[in-house]
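A short write-up of the structure that comes next.
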Amino acid sequence: MRIVFMGTPDFSVPTLEALVRSEHQVVGVFTQPDKQKGRGQKLQPTPVKAAALEAGIPVFQPVRIRNREALDQVRALAPDLVVVVAFGQILPKELLEMPPYGCVNVHASLLPKYRGAGPIQWCLLNGEKETGLTTMRMDEGLDTGDMLLKVSVPIREKETGGSLHDRLSGLGGDLLLETIRRLEEGTLAGTPQNPADATYAPLLTKDMGAIDWSLEGERIDWLVRGLDPWPGAYTWLEGKLLKVWDVEVSEEGFDQDPGTVVAVDPKKGFQVACGNNTTLWVKEVQLQGKKRMPCDVFLRGVRLPAGMTLPPRG
């Protein structure tokens, strides 16, 4: 097949690389425009652009894929199929109807749950036990098209947004190639999504990381893991932002106000009272302006007495 690939972040790269290694021909790659990054504000290519250039594939970076110039560029490539993996733009009807085999999306959830831009993180934030990938025949809605194939994975006990991202990213290529094989054979019929089962997973924002200690310890654990590596869960210590990277839910309960430090162990970390008479041990932190470190190292240089309260804001 002649395939046009559309994607932007790191998550998309393994699927693109699997297509490049396959018998199919990737005739063009569409990705978001370069962005300024770092102190020097130099333009940086997207991860997909870098991978495509390394493979010698023509790259296109339209500001809007629905613009006439961009649509004409896709049409000129005469694709049999368009593959979309975290592209970052909604495809117009004209493009969806352009290739004979349509447009197929690799989405990082078990649809119809977690439609939207943040499915990996939100399944952790909500304490799900499993997630996976879905290939979908795209329509004009937001992740509403007919489902094609799925692969499920269990969520591990200490899974973070970063580790789950990497695991799912590595599965996309095989699932896509199997989807294409069955589409070519004519043995794959799409399954409509049930809107009643749909949930939405919006983009993450920095303010989501503020820890509400009145929540149960388990829910705070979900928050910490779901927002790792970005934006990170955080609290405040003497007016400075303190990011919390690792916690351990405790079975011990204390009748203390949420946010109260109830115990400090130089080797284990510090224990904080949470909602519904639950607690958790904070195991790894990062004080504003400092590096990420385990709490046994952190406590050597910071006085953190039992009885103090971690406030909800600085």
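Tabulated data
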read-out	value
Trypsin sites (Lys or Arg not before Pro) within the stretch 276-314, DSSP loop, no more than 10 other Cβ atoms inside 10 Å	Lys291, Arg303, Arg313
Considering only the stretch 1-78, percent of DSSP beta bridges that pair antiparallel, nearest 5	30 percent
Loop sites in the stretch 220-277: trypsin sites (Lys or Arg not before Pro), DSSP, at most 12 other Cβ within 10 Å	Lys267
Residue order, fewest to most beta carbons within 10 Å, for Ser109, Ser22, Ser152	Ser152, Ser22, Ser109
Share antiparallel - DSSP beta bridges, the chain, percent rounded to 5	70 percent
Built amide H within the under 5 Å cut-off of Leu215, gap 5+	Gly275
Note, ³J(HN,Hα) from phi for the stretch 242-250, Karplus 6.51, -1.76, 1.60, rounded to Hz, x at Gly and Pro	10, 6, 10, 9, 8, 9, 9, 5, 10
Using a Förster distance of 35 Å, the FRET efficiency for Thr191-Val63 (Cβ separation, nearest 0.05)	0.55
Candidates Asp221, Asp72, Asp174, ranked by Gaussian network fluctuation over the chain, Cα under 10 Å, top entry	Asp72
Debye, to nearest 20: dipole size of the stretch 28-77, +1 on Lys, Arg Cβ, -1 on Asp, Glu Cβ	280 debye
Choice from Thr135, Thr205, Thr160 showing the highest fluctuation, given a GNM over the chain with Cα pairs closer than 10 Å	Thr205
Relative contact order computed over the chain (Cα-Cα under 8 Å; 6+ residues apart), in percent	13 percent
Charge sum, other residues only, whose C-beta stays under 13 Å from Ser152's C-beta, Lys/Arg counted +1 and Asp/Glu -1	+2
Gyration tensor verdict on the stretch 206-301 (Cα atoms; rounded if a/c is under 1.5, prolate if a/b is larger than b/c, oblate otherwise)	oblate
Residues with amide H under 5 Å from that of Val247, placed H, sequence gap 5 or more	Lys283
Distant-in-sequence amide H partners of Thr199 (H built 1.01 Å from N, under 5 Å)	Lys113, Tyr114, Arg115
Listed residue (Leu124, Gln36, Val26) projecting farthest to the positive dipole end of the stretch 20-160, Cβ model	Gln36
Rounded to the nearest 20 debye, dipole of the stretch 206-301 from Cβ charges on Lys, Arg, Asp, Glu	660 debye
Table column - 3J(HN,Hα) (Hz), the stretch 304-314, Karplus curve with 6.51, -1.76, 1.60, x for Gly and Pro	9, x, 4, x, 6, 10, 8, x, x, 8, x
Gyration tensor (alpha-carbon) shape descriptor, the stretch 2-197, a/c threshold 1.5	oblate
Environment charge of Gly259, counting only residues whose C-beta is closer than 13 Å and scoring Lys/Arg +1, Asp/Glu -1	-1
MRE, 222 nm, helices only [DSSP H, n ≥ 4, -39500 (n - 2.57), over the chain, to nearest 500]	-7500 deg cm²/dmol
Listed residues Glu159, Glu184, Glu17, most fluctuating in the chain (Gaussian network, C-alpha, under 10 Å)	Glu184
Under 28 Å from the Cα of Lys290 - lysines, other chains or at least 8 residues apart	Lys35, Lys37, Lys42, Lys158, Lys206, Lys240, Lys243, Lys267, Lys268
Rounded FRET efficiency, nearest 0.05, which uses the C-beta distance separating Lys93 from Val249 and R0 of 41 Å	0.30
In nm, spacing of pseudo-spin labels at Leu53 and Lys267 (7 Å Cα→C-beta vector)	5.2 nm
Integer Hz, Karplus 6.51/-1.76/1.60 couplings in order for the stretch 92-100, x for Gly and Pro	x, 4, 4, 6, 4, 8, 6, x, x
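Bear in mind that the values in this text are calculations on the coordinates, not laboratory data. Since we're looking at a predicted model, the values are computed, not measured. Glycine gets a Cβ as well: all are built from the backbone with ideal geometry, and neighbour counts include every protein chain shown.
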